[in-house]
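Participant: Structure in structure tokens, see below.
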Amino acid sequence: MMILGPAHASPENIATMRELMGLDHSIPVQFIHYMGQLLKGDLGYSYHAGSPVSQELLRRFPATFELTTFAFVLMVLCSLPLGVVSGYYRNKTPDNVISVFTVMGLSMPTFWFGLLLIYIFFYKLGLAPPPMGRLSPDVAFPPRVTGLLLVDTLLNGDLKAFLSAFHQLILPGVTLAFFNLAIIVRTLKADLIETLEEDYIRTARAMGIGVKKVLLRHAFRNALLPTVTMIGAIYGSLLGGAVLTEVVFSWPGVGMYAVQSIRYLDYAGLQGFIIFYVIIFALITLLVDISYRWIDPRVQLD
Amino acid sequence: MAQRNTDSLGYKFQLFMKNKLALVGLLILVLISILVFFGPSLSSYDAFSVDFSVKLRAPSSTHLFGTDNYGRDLMSRIFSGARYTLLAAVVSVVIGLTFGAPLGLISGYFGRKVDLIIMRIVDILLAFPPLILAMAIVSGLGPSLVNAAVAIGISYIPIFARMARSRAIHVKRMDYVESAIALGSSRVRIILTDVLPNSMTPLIVQATVYTGYGILWVASLSFIGLGAKLPIPEWGLMIAEGRKYIISGEWWLTVFPGLFIMLGVTGFTLIGDGIREVTNPKLRLK
């Protein structure tokens, strides 16, 4: 009402609105009511989106999930070879070049990097589609099955839509992956350097096993453990970064929803988003903790 | 070499000056400090004066970084904005350090129930993905640059607490702490005279690095509308303002503030790495 302007804010309208939003109760009562509804999975009603918050979050989550997962895969595929190379060629040219890139990646604002990519690949080179959402406007949305466009378009057998969805995903995916890439490369490098100094590596070399084999079969696998266990934290960082990336690329995910809720002072929307994110983050952390045991049988669960 | 006191401050300073990257960091920090203290007077234009006759001009000899959609000189705005971004980052680290470090030291030194209670609270804070906790706090306090700094500070508390705790647990086992206990020093005295000084270095390194990250977080919060308010020339907010123009090719509105953010973060990271290398004999040998 405040947002629609004084023309709509007659005293009666304000009163009905207050009653609808539950603002006629005291704050403790409102809080208890909210907590009670929360237990039933009801996160309240989002006034700017005109729908229940939980429904809106579930509708949008596949978009965020698709983006973060794509970025995650991209990040792992690029960071592992880079980490091995810079660990092996420590303080030589390849390591120095990679180091410059990782330091840059860590000190760049995610959203700024995204905007740079838009400028170069959309405005200058014309290679990327305009940064507006998940599909180009001339392609029809596939019927919703999973909500993941890459999957849904294939299920629908629509190759053109699949390519469009993929095309739209590249720039935001690269943006999101870049910052976190640097973290993995640095960890893997440090662990690899440490592992390469272990006695069993020297033994393996002394036994005449080739450098490549020692590096990949012996050192890499052992150095990977600490890196893999960092993944929970990294996924959390991806979720946080997704908020900024979604804003830059007008990506209709939950992060974008949170930012819109902030703009419209829609607290139910933002609170719902935060609770939703924390639950997902906690679940991921739990899964990573459980997988410790699976990755390294020496870890005892107490 | 064997005779040299490798723990003296002078020697450490010499080592630091030999580290080229750390020197670059120091240089950047000096540059940024100059901007923070003298920013507005370094440029020939006023950061807030609107002149529509020169709006959206590309970088040229009269406007080195170009002008924005109100015809304001971008270089003046970036120079004047340094103090907002930097001070907010520093404030957040000060908050994180002053609340986090004592909590961690107490938790680590006392152990048992105290440790259990404090660490569970820290765990709750750590259950939030980065940025999300800060978003939650600012939206509760109301969006402003000060609240953004406070929110980032609060999300830094668990990080500093954990670092201080691990140091306290390490120092607690040292002989000199045992002798202090034998001499009858109180726990508070031991924490202040033994545990704290011996935990300082890693905390200082962490504070330096996190000041850099603080710049990123401040800019991020401003970018999504939870930090500085228009027309403050905060760097993240400037990027948000320039965002509309990137698809029509006015790149300078976004590129220059971003470059300065990068410069600031890199400076603090390099100095942090430099101090870490100088103070850690293990790394020094390599």
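The values are calculated or read from the model by the stated rules, or taken from the named source; none is laboratory data. Note that this is a predicted model, so its numbers are computed, not measured. Note that each Cβ is placed from the backbone with ideal geometry, even for glycine, and that neighbours are counted across all protein chains shown. Note: areas computed on protein heavy atoms with side chains; ligands, DNA, RNA excluded. Shrake-Rupley method; radii C 1.70, N 1.55, O 1.52, S 1.80 Å.
Participant: Per DSSP H run of n ≥ 4, the term is -39500 (n - 2.57); total these for chain B, divide by its residue number, and report the mean residue ellipticity at 222 nm rounded to 500 deg cm²/dmol. Please report the intermediate quantities before stating the final value.
Facilitator: Details: 12 runs with 204 residues, N = 286.
Rounded to the nearest 500, the figure is -24000 deg cm²/dmol.
Participant: If you don't mind, there's one more thing I want to ask. Mind checking the mean number of beta-carbon atoms from other chains within 10 Å of the Cβ atoms in B:249-262? Walk me through the intermediate numbers first.
Facilitator: On the way: counts 3, 2, 7, 0, 1, 6, 4, 0, 2, 7, 2, 0, 4, 8.
Shielding by partners across B:249-262 averages 3.
Participant: For helix A:11-21, report the angle its Cα long axis makes with the longest principal axis of the Cα atoms of chain A; keep it between 0 and 90° and round to the nearest 10°.
Facilitator: Value to nearest ten degrees: 40.
Participant: Related question: Please list, in chain and number order, the residues 5+ apart from A:Tyr45 or on another chain whose amide H is under 5 Å from its amide H, with Hs placed from the backbone.
Facilitator: A:Val53
Participant: While we're here: Return the carbon/sulfur percentage of the accessible area of the protein assembly as shown, one whole number, probe 1.4 Å, all protein chains in place. Before the final figure, lay out the partial values.
Facilitator: Working: 19960 of 29590 Å².
Roughly 67 percent, rounded to a whole number.
Participant: Any idea how far apart B:Phe48 and B:Ser8 come out in nm if each label point goes 7 Å out from Cα toward Cβ?
Facilitator: A separation of 5.2 nm, rounded to one decimal place.
Participant: While we're on this one: Tell me, what does the Kirkwood hydrodynamic radius of chain A come to in angstroms if you use every pair of distinct C-alpha atoms? Could you put the intermediate results ahead of the total?
Facilitator: Working: mean 1/r = 0.0446 Å⁻¹.
Result for chain A stands at 22.4 Å.
Participant: Within a Cβ distance under 13 Å of A:Thr102, other residues only, what is the Lys/Arg minus Asp/Glu net charge? Mind showing how you got there, number by number?
Facilitator: Details: positive: A:Arg186, A:Lys189; negative: A:Asp95, B:Asp273.
With Lys, Arg at +1 and Asp, Glu at -1, the net is 0.
Participant: Straight-line reach from B:Lys229: which lysines fall under 24 Å, measuring Cα to Cα and dropping same-chain residues less than 8 apart?
Facilitator: In chain and number order, the partners are B:Lys55, B:Lys244.
Participant: Taking beta carbons within 10 Å but only from partner chains, what does the mean come to for residues B:267-278?
Facilitator: Values: counts 1, 1, 3, 2, 0, 0, 1, 0, 0, 0, 0, 0.
So the per-residue partner count for this stretch is 1.
Participant: Would you mind classifying region A:172-223 by shape? Square roots of the alpha carbon gyration tensor eigenvalues, ordered a ≥ b ≥ c; an a/c under 1.5 is rounded, otherwise it is prolate if a/b is larger than b/c and oblate if not. Write out the running numbers ahead of the final one.
Facilitator: Details: a/c = 5.15, a/b = 2.72, b/c = 1.89.
Prolate is the answer for region A:172-223, as a/c is 1.5 or above and a/b outweighs b/c.
Participant: For Cα pairs less than 8 Å apart in space and 6+ apart in sequence, what is the mean separation divided by the residue count of chain B, i.e. the relative contact order in percent?
Facilitator: 24
Participant: Using a ≥ b ≥ c from the Cα gyration tensor of the protein assembly as shown (square roots of the eigenvalues), is it rounded, prolate or oblate, where a/c under 1.5 gives rounded and otherwise the larger of a/b and b/c decides, a/b for prolate? Before the final figure, lay out the partial values.
Facilitator: Numbers: a/c = 1.34, a/b = 1.33, b/c = 1.01.
Verdict is rounded for the protein assembly as shown.
Participant: Can you compute the modelled spin-label distance between B:Val114 and B:Ala127, with each label point 7 Å from Cα toward Cβ, in nm?
Facilitator: Between B:Val114 and B:Ala127, the label points sit 2.5 nm apart.
Participant: Using Cα pairs closer than 8 Å and at least 6 residues apart in sequence, work out the relative contact order for chain A, in percent.
Facilitator: On the way: 327 pairs, mean separation 72.3, N = 302.
Computed over chain A, the figure is 24 percent.
Participant: Given A:Lys189/B:Lys20; A:Lys92/A:Lys124; A:Lys92/A:Lys212; A:Lys124/A:Lys189, which pairs have Cα atoms separated by over 24 Å?
Facilitator: Working: A:Lys189/B:Lys20 21 Å; A:Lys92/A:Lys124 34 Å; A:Lys92/A:Lys212 18 Å; A:Lys124/A:Lys189 35 Å.
From the list (A:Lys189/B:Lys20; A:Lys92/A:Lys124; A:Lys92/A:Lys212; A:Lys124/A:Lys189), the Cα-Cα distance tops 24 Å for A:Lys92/A:Lys124; A:Lys124/A:Lys189.
Participant: Next question, about the same structure. Report, in order of residue number, the helices in chain B meeting two criteria: a C-alpha extent of 15 Å or more along the helix axis, and a mean Kyte-Doolittle hydropathy of at least 1.0; treat each whole DSSP H run as one helix.
Facilitator: Working: long enough: B:20-38 (27 Å, 2.89); B:74-110 (53 Å, 1.37); B:112-126 (20 Å, 1.32); B:145-172 (39 Å, 0.91); B:196-223 (39 Å, 0.93); B:235-246 (16 Å, 0.13); B:252-279 (41 Å, 1.17).
Span-like helices, by this rule, are B:20-38, B:74-110, B:112-126, B:252-279.
Participant: What is the Cα centroid distance between region A:43-107 and region B:73-119, reported in whole angstrom?
Facilitator: Result: 25 Å between the Cα centres.
Participant: In a Gaussian network model over chain B where Cα atoms closer than 10 Å are linked, find which of B:Trp235, B:Trp252, B:Trp217 has the largest mean-square fluctuation.
Facilitator: Highest fluctuation among the options: B:Trp252.
Participant: Ignore the peptide's own chain and count Cβ atoms of other chains within 10 Å of each Cβ in A:253-265; give me the average, rounded. Provide the component values of the computation, followed by the final result.
Facilitator: Numbers: counts 0, 0, 4, 1, 0, 5, 5, 1, 1, 7, 3, 0, 3.
That average works out to 2.
Participant: Counting Lys and Arg as +1 and Asp and Glu as -1, what is the net charge of the other residues whose Cβ lies under 13 Å from the Cβ of B:Phe110? If you can, show how the numbers build up before the last one.
Facilitator: Working: positive: B:Arg112, B:Lys113, B:Arg165, B:Lys172, B:Arg187; negative: B:Asp115.
For residues surrounding B:Phe110, the net value is +4.
Participant: In deg cm²/dmol, rounded to 500, what helix-only [θ] at 222 nm does chain A give when every DSSP H run of at least 4 residues adds -39500 (n - 2.57) and the total is split over its residues?
Facilitator: -22500 deg cm²/dmol
Participant: In Å², nearest 100, what accessible area do chains B and A bury in total when the solvent probe is 1.4 Å? List each step's numbers first, then the result.
Facilitator: Numbers: alone 15140 and 17620 Å², together 29590 Å².
Counting protein atoms only, the buried area is about 3200 Å².
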